[in-house]
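**Student:** My structure is below; once you've seen it, I'll send some questions.
The values are calculated or read from the model by the stated rules, or taken from the named source; none is laboratory data. Computed from a predicted model, the values in this text were never measured in an experiment. Backbone-built Cβ (ideal geometry, glycine too); neighbour counts: all protein chains shown. Heads up: the accessible areas ignore ligands, DNA and RNA and are worked out on the full protein's heavy atoms, side chains in. Shrake-Rupley method; radii C 1.70, N 1.55, O 1.52, S 1.80 Å.
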Amino acid sequence: MKDMQTETKNCQNCKRPFMIEPDDFAFYDRVKVPPPTFCPYCRAQRRFCWRNEWVLYKAPSAFSGKDIFQMYAPEVGVKVYEKEVWYSDQWDPTSYGCDYDFSRPFFDQFKDLLFEVPLKNLDVLNGVNSDYTNNLTDPKNCYLVFNGSNPEDCRYGNGINFCRDCQDISHMSKSEECYECFWLNGCARCMFSSQCDSCFDMWFSKNCVGCNNCFGCVGLRNKSYHIWNKPYSKEEYEKMIAAFGLSSYASVKSMKTRAKEFWLGFPNKYVEGIKNENVTGAYVDRCKNVRNSFLVRESENLRYCQYVQELPGSRDCYDYSVWGDNNQLVYECHTSGIGMHNVKFSVFAKENIRDVEYSYACTTCSDCFGCVALRKKQYCIFNKQYTKEEYFALREKIVAQMNETPYRDSNGCIYRYGEFFPSEISPFPYNQTLAQEYFPLEKEEALKRGYRWIDTGEKNYKATLLPENIPDDIADVPDAITQAIINCEHGGTCNQLCTKAFRIIPDELAFYRKHQLPVPHLCPNCRAFERLKQRNGIHLYKRQCGCGGANSLGDMYKNTTSHFHGAALCPNEFETSYAPDRPEIVYCEQCYQAEVA
Ligand SMILES: [Zn+2]
Ligand SMILES: [Zn+2]
Ligand SMILES: [Zn+2]
Ligand SMILES: [Zn+2]
């Protein structure tokens, strides 16, 4: 055992210093990897380059020649099969097996294999009537839903687990009939709301728990019939909601702006989340010892993880992004889940996969190294079958060779054993990945750094309806709107995967009518990116509590009770995802709890 002290290193990629702490060394020892050479942010960016969250292409299958929807841009040149064929015995991934070439760097050879072995068009397990979706498990009647499990009758959104009849939602769990919401759990009929738990019939509300029938509220606990945080009788409440005229696009637009301004007058907790013990990051619920992590539910002992939302939660993982469902000892993996154990440096690894490293799209395998698209295999290297003894001996030789003959990327970074795949061999264009959401780059800069870039948006379309000509009130919208090609108000100028034009599908129109909601003026991608603007990034900042004693610093908010620190400034310091220049009031746990109780 090394003697465990905090060490400061300089990141190979961004050159900034980062710390490796005793706990971190203990984890690296446990999964038998060398300590990282990239800082946590550059590691996240590198993984995020392997995740296309939003874009579908239509291109021919390399198997049947039929046009199929797929997550890979055809010009990138990977081989794509329809998933029904991919999962069948009509082809054999081990027929692509090859000997390891000790004269070439590992990642060069891995790239060749990745571009040779057929990949499945979409990562959808057991979909029913959900052709226009990706990265989903068990979806039913879903349309343009990306990332999640068990969504039913949902349209437009990402990070959706066990939700029904929802539309335009992100990072949601166990909720029904919600619209334009972010990070809700166990909610029903919530509209334009965010970070609420166990609430129903809410409008424009944030950080509420156990509430119902609230409008424009923030930080409430177990309340009903409140408007702008003030109580009303049921009758008064209903009268006022009706008077707001929320079936009108103009009314909704002005309420959205007003709610955001109102929310700014109330404190936020330094870690967005509830029922946690010893956590840092944001959007973390019901977790223990989860640090520097974002969008995580019901997990334990994680660090530097993102989007681990799927239940049951995961434990003892580092640098694990997207998915979840009962995993342990995962390191540097992306879009992988369902009972993984000791899996490292892998993408699309799933379903009880164990002791696997450097894999892409492998399912239910164990003891595999450098493999692509294998199913139910053991002791394979570069898709070639070995005996147990041969496997372990060859793996050891390759690890040694990776250290002696490392890969060098176009920015001069060195990749020995222990690094995740270089971003430049990813089959996804940078601008269509999570990397662009969290580490946005302009096209020139991305190309200069060796990333792929492919412009998105319809090229040849003829809009038949301008957004300003959509009837303001849902009551005046005709059935024929589902025939229209509507111009997105952003017109492709926003750098957020704008498709420039969009349609309203019949199920969607029925949803607007049922809930008396106006028709949107933006394409689904622009709606998602506008909604996600309220989601903090994955950087953490050291700050002091924003509580000044009787009021918040700057006097935006007047405390309702006296706090443990009396009339003096609160001395508590913390790490938070709210950057120091942000307008939000940010309180420590104690000051926040004193105000929301
Ligand atoms: Zn870095
Ligand atoms: Zn758009
Ligand atoms: Zn405080
Ligand atoms: Zn205080």
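**Student:** Got a sec? Which of Pro524, Pro571, Pro506, Pro583 is of a type outside the set (Ser, Thr, Tyr), more than 30 Å from Pro440 (Cα to Cα), out of contact with any Ser or Thr (no Cβ under 7 Å at 6 or more places or on another chain) and not assigned by TED's automatic domain parsing to the domain that holds Ala282?
**Tutor:** Pro571
**Student:** Identify, by number, the condition in (1) assigned to a loop (DSSP other than H, G, I, E, B); (2) away from ligand 1 (no atom under 16 Å from the Cβ) that Thr94 doesn't meet.
**Tutor:** The failed condition is (1).
**Student:** Then there's this: Which of the helices (runs of 4 or more DSSP H) contained wholly in the stretch 386-493 include at least 2 residues that are of a type in the set (A, V, I, L, M, F, W, C) and open to solvent by less than 60 Å² (accessible area, probe 1.4 Å)?
**Tutor:** 388-404, 434-438
**Student:** Could you please give the count of residues in the stretch 139-167 that are under 12 Å from Ala528 (Cα atoms) and either small (Gly, Ala, Ser) or out of contact with any Cys (no Cβ under 8 Å at 6 or more places or on another chain) (or both)?
**Tutor:** Qualifying residue count, the stretch 139-167: 6.
**Student:** Is it true that Glu424 is within 30 Å of Asp99 (Cβ to Cβ), of a type in the set (Asp, Glu) and outside the structural domain of Cys305 (by TED's automatic domain parsing)?
**Tutor:** Yes: the conditions hold for Glu424.
**Student:** Of the numbered conditions (1) in contact (Cβ under 8 Å) with a residue 60 or more places away in the chain; (2) closer than 30 Å to Tyr100 by Cα; (3) hydroxyl-bearing (Ser, Thr, Tyr), Tyr304 fails exactly one; give the number of that condition.
**Tutor:** (2)
**Student:** When you check Glu300 against the structure, is it in contact with a Lys or Arg (Cβ under 9 Å, 6 or more places away or on another chain), more than 30 Å from Leu553 (Cα to Cα) and open to solvent by 60 Å² or more (accessible area, probe 1.4 Å), yes or no?
**Tutor:** yes
**Student:** Of the conditions (1) touching a Phe, Trp or Tyr at 6+ places or on another chain (Cβ under 6 Å); (2) within 16 Å of ligand 1 (Cβ to nearest atom), His539 fails just one. Which one is it?
**Tutor:** If we test His539 against (1) touching a Phe, Trp or Tyr at 6+ places or on another chain (Cβ under 6 Å); (2) within 16 Å of ligand 1 (Cβ to nearest atom), just (1) comes out false.
**Student:** Are there any pairs, at least 6 apart or on different chains, whose C-beta atoms fall under 8 Å, with the first in the stretch 23-46 and in contact (Cβ under 8 Å) with a residue 40 or more places away in the chain and assigned by TED's automatic domain parsing to the domain that holds Leu329 and the second outside any loop (DSSP other than H, G, I, E, B) and hydrophobic (A, V, I, L, M, F, W, C), and if so, which?
**Tutor:** none
**Student:** Taking the condition touching a residue at least 40 places away in the same chain (Cβ under 8 Å), touching a helix residue (DSSP H, G or I) at 6+ places or on another chain (Cβ under 8 Å) and within 16 Å of ligand 2 (Cβ to nearest atom), does Cys488 pass? I'd like the intermediate steps shown before the answer.
**Tutor:** Values: touching a residue at least 40 places away in the same chain (Cβ under 8 Å): no; touching a helix residue (DSSP H, G or I) at 6+ places or on another chain (Cβ under 8 Å): yes; within 16 Å of ligand 2 (Cβ to nearest atom): yes.
Here the answer is no, as Cys488 does not meet what is asked.
**Student:** Also, I was wondering about something else. Between residues in the stretch 310-323 that are basic (Lys, Arg) and residues that are assigned to a loop (DSSP other than H, G, I, E, B) and open to solvent by 20 Å² or more (accessible area, probe 1.4 Å), which pairs lie under 9 Å by C-beta distance while being six or more apart or on different chains?
**Tutor:** Listed by first residue and then by second, the contacts come to Arg315/Asn326.
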